[in-house]
Amino acid sequence: MPEIDLHTHSTASDGTLSPAQLVATAQAMGLQALALTDHDTVQGLPEACAAGRKHGLEVIGGCELSVSYADKSMHILGLWVPQSPPILSEALQHLHTLRAERNKTIIHNLQTCGVPITYEELEKEAQGATIGRPHIAKLLVDKNRATNIQDAFTNWLVPGTKGFAPKKKFSARKAIELLKSVQATVILAHPCSLKTEGKALEAVVRELKSFGLDGVEVYYSMHSQAQTMSYAELCRKLDLLQSAGSDFHGSNKPHIALGRGKGGLRSSYMLVEKMKEHRDAQGLEFPECSYHGIKV
């Protein structure tokens, strides 16, 4: 059965494989389709798409936006995002500015606590990628202030710790509108992270659908079997697409394997076919690098 992974990260944000390495790894594993969904950036898409053409792998351009909804934080995926979408690129640049301000605040907080760390070191660690907390966590490990990446997050970089600084985000409505403006297919990522189930979750997803949401990430590394079944039923009830992704980050999340998650994630290419049918019905175009001009 052809398999897919529609939620992955590269060195363009906080992964440890370059976009080209990610695509090559996916092809070697026998995946049929891969979506690159780096955080708040499309910087890695040209390289990933070129690698897809080289290796004969279907690469779907995407991105992942961190958004706010009521009192919750959630992540929204955009799939079939163009490589250089002007409207979205401008919005992502704004997010980049806000992210940089947050990173500087975190560095200041750590310095106040006696951690010998500078923003220049952080930029060197990121090597031109979108800087995020995993890069700061790596520096904390290097400076023997944490034993590993997870320890760095737990003791320095999450709410309630001395290094933490809140992240400024788009609202869920704004993020969905931005993604729809570039003809993306919009997916709610890992609904398990909302810590909401049943009727309460249904109410949230119904409202997101009214904003333009197309689907839900049903198959995900951290979902239990019961959650997967529940989210699949919710999609059927609300006539939403089902998506699947590992949230692969390379060695930054060593327990998550590409296309496999924690070991049991094996999602069918049929999910991509359903998405393509949905896009065809909407009259949406397919960015050249991801679709290869082939109609289903």
Estimated inter-spin distance, LYS174 and THR154, nm [label 7 Å along Cα→Cβ]: 3.5 nm
Mean projected area (nm²) of the alpha-carbon convex hull when segment 31-150 is viewed from all directions: 9.6 nm²
Fewest-first ranking of HIS7, HIS223, using other Cβ atoms within 10 Å as the exposure measure: HIS223, HIS7
Partners for LYS124 among aspartates and glutamates (Cα-Cα distance below 15 Å; same-chain residues under 8 apart left out): ASP14, ASP142
Pairwise centroid distance, computed over Cα atoms, of segment 129-181 with segment 47-72, Å: 19 Å
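Given the convex hull of the Cα atoms of the chain, what is a quarter of its surface area in nm²? Don't skip to the answer; put the middle values down first.
Details: hull surface 58.1 nm².
Orientation-averaged projected area of the Cα hull: 14.5 nm².
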Helix 86-112 vs. the chain, principal-axis angle (Cα, 0 to 90°, nearest 10): 30 degrees
Lys/Arg +1, Asp/Glu -1 at C-beta; segment 140-296 dipole; positive extreme among ALA244, ASN148, THR161: THR161
Hits among lysines - C-alpha to C-alpha of LYS262 under 16 Å, sequence gap 8 or more where chains match: LYS253
Principal-axis tilt of helix 198-211 within the chain, Cα atoms, nearest 10 degrees: 80 degrees
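Which order do CYS49, CYS235, CYS63 fall in if you start with the one that has the fewest other Cβ atoms within 10 Å? Write out the running numbers ahead of the final one.
Working: CYS49 21, CYS235 18, CYS63 29.
Fewest-to-most ranking of CYS49, CYS235, CYS63: CYS235, CYS49, CYS63.
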In sequence order, calculated HN-Hα J values of segment 266-274 (Karplus, 6.51, -1.76, 1.60; Hz; x Gly/Pro): 9, 10, 6, 4, 4, 5, 5, 4, 4
Relative contact order %, segment 183-248, counting alpha carbon pairs below 8 Å whose residues are six or more apart: 38 percent
Residues whose placed amide H lies under 5 Å from that of CYS63, excluding near-sequence neighbours: GLY78
Separation in nanometres of the label points that stand 7 Å from Cα toward Cβ, at ALA232 and GLU197: 1.7 nm
Global geometry of segment 163-225, whether rounded, prolate or oblate, following the gyration tensor of its Cα atoms and the 1.5 cut on a/c: oblate
With Cα atoms, 0 to 90° folded angle of helix 225-238 axis to the chain main axis: 50 degrees
Per-pair calculated FRET efficiency, R0 = 41 Å: HIS255 and ALA281 via Cβ, rounded to 0.05: 0.60
Label-point separation in nm, CYS113 to GLU90, each point 7 Å along Cα→Cβ: 3.9 nm
Nearby aspartates and glutamates by direct alpha-carbon distance to LYS167 (threshold 14 angstrom, same-chain neighbours under 8 apart not counted): ASP40, ASP71, GLU101
Zone of ASN144's modelled label, taken as backbone nitrogen in segment 91-133 under 17 Å from a point 7 Å along Cα→Cβ: 114-117
Per-residue HN-Hα couplings for segment 241-255 [Karplus 6.51, -1.76, 1.60; θ = phi - 60°; Hz; x = Gly/Pro]: 6, 9, 10, 8, x, 8, 6, 5, 10, x, 5, 6, 9, x, 7
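Rule-based calculations on the coordinates, nothing more; no lab input. Here the structure is a predicted model, which means the values were calculated and not measured. Here the Cβ is made from the backbone with ideal geometry for all residues, glycine too, and neighbour counts use every protein chain on show.
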